[in-house]
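Derivation of every value follows stated rules applied to the coordinates shown; laboratory data play no part. Computed from a predicted structure; not experimentally measured. Cβ placement follows ideal geometry from the backbone for every residue including glycine, while neighbour counts extend to all protein chains displayed.
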Amino acid sequence: MAIAETSSEGRPEAVAARRPAAHKVTLAARRIVGINTLGVATLIWRQVIAEFLAFKLVLLGPALQALLFAVVISLAVGTRIAEVGGLPFLAFLAPGLVIAAAVQRSFESTAFSMVHEKLEGTIGDVFGAPLTAGEILTGYTVGATITGICIGLPVWLVLLPFGAGLPLHGAVMLYFVLTGCVILAFFGLIAGMQSHRWDSLSAKETFVLTPLLFLSGSFFTIDALGEPFRSMMMANPIFHLVNGFRYAMTGYADAPVWVSATVVGILAAVLCLIAMRLVAIGYKVKD
């Protein structure tokens, strides 16, 4: 019997040789071109919604506090303090209460978010997202600014019957409100990134922010102060926020408005650079 000759083409080696070469897949990091607008918008929305879900009376609390404060001052002082700086006392007082409520909430928004996310272990969700340091900073800052404005507006509304009045210089008012909220949002983010626990953050708010707010000229004019206290007041950045906002609302200013505008503008730029650097390196995020 003749044995059929086996062709070499049927061998496994030959079959493998006829197969196309496997395509090599090279993995590379995804390049993000331009601004991640969806990511930034999501972070802003997350920041604002979380604020109002966590603190359901966040809008009413400061407004009620300002209303009670105005009522108590009206009953206690009455007409014994006729004018301050040529203005009725409550009309002089109201701008300081409004801007203080707005900027304090901006600080708490970013600071509380940082500490809460560290303790819950969710901070990596933000810093691990496809967002640049500038986009992360923008998301937190814009969210805190929106929250601050949402707090300041009801405070202003409840103080209208007590002489708060409508703004005389709308553009100046917007500049100082927005810049003030941005400054305190930056400061809150810096304080939050440096804090590991609530008591550490509380110490920064109690011993740094609260004295600056109370010694900002919200309740008195610096014309009544002598040196060196007058110069110390002028060195307080919150004083310049109150001074500029009061001028926008009433036309009265304790210091030149252009000086206050310059001081808060420079401070905003400096804090922005510091906050940007801390976010870029993930300062104490993994600790």
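Brief remarks follow.
- Over 31 Å [Cα-Cα, segment 35-281], rounded percent: 24 percent
- Sum of side-chain charges, Gly139 neighbourhood, beta-carbon under 15 Å (Lys, Arg +1; Asp, Glu -1): -3
- By the count of other C-beta atoms within 10 Å, a proxy for reagent exposure, Thr262, Thr110 are ordered fewest to most as Thr262, Thr110.
- Pairwise centroid distance, computed over Cα atoms, of segment 111-142 with segment 161-197, Å: 20 Å
- Cβ-derived FRET efficiency at R0 45 Å, Thr262 paired with Ala129, nearest 0.05: 0.80
- Summed residue charge, Cβ within 15 Å of Tyr252's Cβ, Lys/Arg positive, Asp/Glu negative: -2
- Exposure proxy order (Cβ contacts within 10 Å, fewest to most) of Ser109, Ser200: Ser200, Ser109
- Stretching Leu64 away from Ser231 to a fully extended chain increases their span by 56.8 nm, per 0.36 nm per residue minus the current alpha-carbon distance.
- Neighbours of Gln47, meaning other residues whose beta-carbon lies under 14 angstrom from its beta-carbon, give a summed charge of -3 when Lys and Arg score +1 and Asp and Glu score -1.
- Segment 35-281 - percent relative contact order, Cα under 8 Å, separation 6 or more: 28 percent
- Label separation (Val270 vs Leu75): 4.3 nm, computed from points 7 Å beyond Cα along the C-beta direction.
- Put in order of Cβ neighbour count within 10 Å, fewest first, the listed residues His240, His196, His169 become His196, His169, His240.
- With θ taken as phi - 60° and the Karplus curve 6.51 cos²θ - 1.76 cosθ + 1.60 applied, the whole-hertz 3J(HN,Hα) list for segment 203-216 is 5, 5, 6, 6, 9, 10, 6, 4, x, 5, 5, 6, 9, 9 Hz, x standing for glycine and proline.
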